[in-house]
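In what follows, a single structure is set out as structure tokens and then discussed.
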Amino acid sequence: MKVLKVLAMTAALSASGLVMADSRVINSWNSFETNQLIPTGVRAEVGTTGYGGALLWTANPYVGLALGYNGGDISWRDDVSVNGTKYDMDMKNNNTYLNAEIRPWGASQNMWTQGLYMAAGVAYLDNDYDLAKRIGNGNTLSIDGKNYQLTTAGREGGVRGQMNYDNKIAPYVGLGFAPKFTKNWGAFTEIGAYYTGNPDVNLTQYNLSPVVGNPTSAQDAVDREAHKIENQNKYAWMPVAKVGVSYHW
């Protein structure tokens, strides 16, 4: 009988010990999950995709995450070049992105080496792009390798249109450098590209006529340039360059 009582007490103590151990594991796991969800920093940024900021998470010295947004209107001169024709681009940006940042030397004590990282992720791009090229009196405009002049002198002439991407979800790759100058403050710069696929392009000429010896109408030349933008591989990538400052806690 005493043996049975000892066995019963041992089983009860073991069961209670397992319950206590399980509860400690569960509490530790809950604490880990909660801590991992709290951002470890923020950054402000500006670049080719607009201006905005990001929340930063640090999983370990080698891996981090950035969840950010870029918006606003940005204008670029001579941004899209097709056969020598350089179009100005007005961008209305509305981008949300999530990137993993891999730091091969994240545990290094050297500030400059530690700050190097590779970025890979995905973004939702909901942007509008306006293209334009204008000329005035006495000037000519090269379109698809041929020259055009004003049809009516004294009035502006040129090409205008829109460019849109069907793929709103775009993968991203990039390289960055984000050194920390103090315990809390740092800076960063990053270059990369989104793979968007070729855009749909609609271009229209106005007040342009071919110069003497040019048999191609201005609209035919414009249509050919739009076709090239829609089909050449180099226009399937959207380049990205941005800089900013970061704060870590």
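The values are calculated or read from the model by the stated rules, or taken from the named source; none is laboratory data. Values in this document were obtained by computation on a predicted structure and should not be read as measured data. So basically every Cβ, Gly included, is an ideal-geometry build from the backbone, and we count neighbours across all protein chains shown. To get the accessible areas, we keep the full protein, side chains included, count just its heavy atoms, and leave off ligands, DNA and RNA. Shrake-Rupley method; radii C 1.70, N 1.55, O 1.52, S 1.80 Å.
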Is at least one residue of the range 180-197 open to solvent by less than 20 Å² (accessible area, probe 1.4 Å), under 30 Å from Arg43 (Cα atoms) and more than 20 Å from the chain's Cα centre (by Cα)? yes
Asn99 passes all but one of (1) assigned to a strand (DSSP E or B); (2) at pLDDT below 95; (3) polar (S, T, N, Q); (4) surrounded by 14 or more Cβ atoms within 10 Å (Cβ to Cβ); which number fails? (2)
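Picking from Asn202, Asn184, Asn164, Asn198, which residue would you name as being touching a helix residue (DSSP H, G or I) at 6+ places or on another chain (Cβ under 6 Å) and within 30 Å of Gly52 (Cα to Cα)?
Numbers: Asn202 fails: touching a helix residue (DSSP H, G or I) at 6+ places or on another chain (Cβ under 6 Å); Asn184 fails: touching a helix residue (DSSP H, G or I) at 6+ places or on another chain (Cβ under 6 Å); Asn164 fails: touching a helix residue (DSSP H, G or I) at 6+ places or on another chain (Cβ under 6 Å).
Going through Asn202, Asn184, Asn164, Asn198 in turn, the sole match is Asn198.
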In the range 120-144, which residues are open to solvent by 60 Å² or more (accessible area, probe 1.4 Å) and out of contact with any Pro (no Cβ under 6 Å at 6 or more places or on another chain)? Tyr124, Asp128, Arg134, Asn137, Gly138, Asn139, Thr140
May I ask you to verify whether Asp166 is open to solvent by 80 Å² or more (accessible area, probe 1.4 Å) and under 20 Å from Ala236 (Cα atoms)? yes
Selected residue (criterion: farthest from the chain's Cα centre (by Cα)) from residues of the range 217-249 that are more than 15 Å from Ser142 (Cβ to Cβ) and charged (D, E, K, R): Asp223
Scan Asp90, Asp79, Asp73 and give me the residue that is under 30 Å from Ile135 (Cα atoms), modelled with pLDDT of 65 or more and in contact with a Lys or Arg (Cβ under 6 Å, 6 or more places away or on another chain). Asp73
Return a yes/no flag: does the range 56-77 have any residue that is open to solvent by less than 70 Å² (accessible area, probe 1.4 Å) and within 30 Å of Ser142 (Cα to Cα). yes
For the range 135-149, give me each residue that is touching an Asp or Glu at 6+ places or on another chain (Cβ under 8 Å) and aliphatic (A, V, I, L, M). Ile135, Ile143
